[in-house]
1. So what is the 222 nm mean residue ellipticity for the chain from helices alone, if each DSSP H run of at least 4 adds -39500 (n - 2.57) and you divide by all residues, rounding to the nearest 500 deg cm²/dmol?
2. What longest region of the chain stays clear of chymotrypsin sites (Phe, Trp or Tyr not before Pro) that DSSP places outside H, G, I, E and B and that have at most 15 other Cβ atoms within 10 Å?
3. Using a Förster distance of 35 angstrom, determine the FRET efficiency expected from the C-beta separation of GLU74 and ILE2, and round it to 0.05.
4. Using a 1.4 Å probe and ignoring any ligands, DNA or RNA, find the accessible area of THR115 and quote it in Å² to the nearest 10.
5. Compute the distance from the alpha-carbon center of the stretch 111-185 to that of the stretch 12-84, in whole Å.
6. Using a 1.4 angstrom probe with every protein chain in place, what is the largest-first accessible-area order of HIS230, HIS116?
7. I want the antiparallel fraction of DSSP beta bridges within the chain, as a percent rounded to 5.
8. List the residues, sorted by chain then number, that are 5 or more residues from VAL104 or on another chain and whose placed amide H is less than 5 Å from its amide H.
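The values are calculated or read from the model by the stated rules, or taken from the named source; none is laboratory data. Note that the coordinates shown come from a computational prediction; the quantities given were computed from them, not determined experimentally. A quick note on method: Cβ atoms are made from the backbone with ideal geometry, for glycine too, and the neighbour counts reach across all protein chains shown. Areas reflect the complete protein model, heavy atoms only, side chains present, ligands, DNA and RNA absent. Shrake-Rupley method; radii C 1.70, N 1.55, O 1.52, S 1.80 Å.
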Amino acid sequence: MIQQQERIASLCEQLKMACLATEWPGLAQQAAQDEVSFADFLEKLLNRELAAREQRKRATLLKLATMSAVKTLEQFDWNAGSGAPKAQILELAHLAFVERAENVVLLGPSGVGKTHIALALAYRAVMAGHKVRFITAADLMLQLAAARAQGRLKEYFNRAVMAPKLIVIDEIGYLPFGREEANLFFNVVAKRYERGSIVLTSNLPFTQWAGAFADDQTLTAAMLDRLLHHAHIVQVSGESYRLRDKRKAGQAARRVTGEK
Ligand code: ADP
Ligand code: MG
C-alpha cells in the first residue's frame, strides 16, 4: 500500500500533478464511503487538479502584473459622492475592450478613485487569464530610459510593452516628460495602437497634455490621435476620497472630544 502510494506520488510528480498527489487519498476515501463510480471519482480528481492549476496560473499572472495594490470594484463605494460613472465602469469590467485592443482613459482630479478603478480593471483581466502589466508613467520612463542607455530598448519593448495583453499606465501628467521621454511615450502608444489595450489615468484634461509632453503640440496631437481612436473616456469627478476620509476622521474626533 505504502509502496503503491509512493509510486502514485512519483507518477503525479512526473505528470506535474502536484494537487492530485496530495488530494487523491482523501478523495479516494470519500469516494469509497459514498460508493460513487470510478468515473465520478476520476472526474472529481481531474477537476480538482485543473482548478489548482488555474489558481496557480492566476497567482503567477498577478505577480507578473506588478500591481501597486489589489483593489476591486466590489470594494468601490459608488455612493461615496464621487462622480464615477458606474454603468460605464461595470461595462468595461466585462473586458470586451481588452479583446478589441481598445484603450481606456480615466480622467479626474486627485483622490477620486482613478487608480483604484484602473487596478480593479487590471485585477479582472488577471482573473480572466490575461497577461497584465501595471506601471506608473514615471516608472515606465525610468525603465525605458535605462533600457535605451543599455542598448536594450527593442528587447524592453518586446518584453514589457508589447507582451502584455493589457498595460495600465498610471498618473500621466503628474511629472512632466522631457523631450526624449515624450518621444519614448509616443512610441509606447504608437506600437500598441490597434494591437493591445492601454488603460491610462491622468489628472490633466487632454487640452493640457501637451504641457506634460515637453510642450510639443505636434507629438501630443499625434499621440492622442492614436490613443483616442478606439478609446473609452471615463470622467471621474467629485471630492477626493482621501480628503473625505480625513474630514470624516476629523469630525469623529471632534465628536469624541466635544469640540465644535
Ligand atoms: P486617484 O488615483 O484618482 O488619485 P485613488 O484611486 O488612488 O485616487 O484613490 C485614493 C484612495 O481612496 C485609494 O485608497 C482608493 O482605494 C480610495 N478610494 C477612492 N475612491 C473610492 C471609492 N469610491 N470607494 C472606495 N475607495 C475609494
Ligand atoms: Mg492615482
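1. Values: 12 runs with 147 residues, N = 260.
Mean residue ellipticity at 222 nm (helix-derived): -17500 deg cm²/dmol.
2. 79-173
3. Working: r = 47 Å, r/R0 = 1.33.
That pair, GLU74 with ILE2, gives E of 0.15.
4. For THR115, the solvent-accessible surface is approximately 40 Å².
5. Cα centroid to Cα centroid, the span is 29 Å.
6. Greatest to least solvent exposure: HIS230, HIS116.
7. Values: 1 of 21 bridges.
Restricted to the chain, the bridges split so that about 5 percent are antiparallel.
8. Here ILE198, VAL199, LEU200, HIS232 satisfy the definition.
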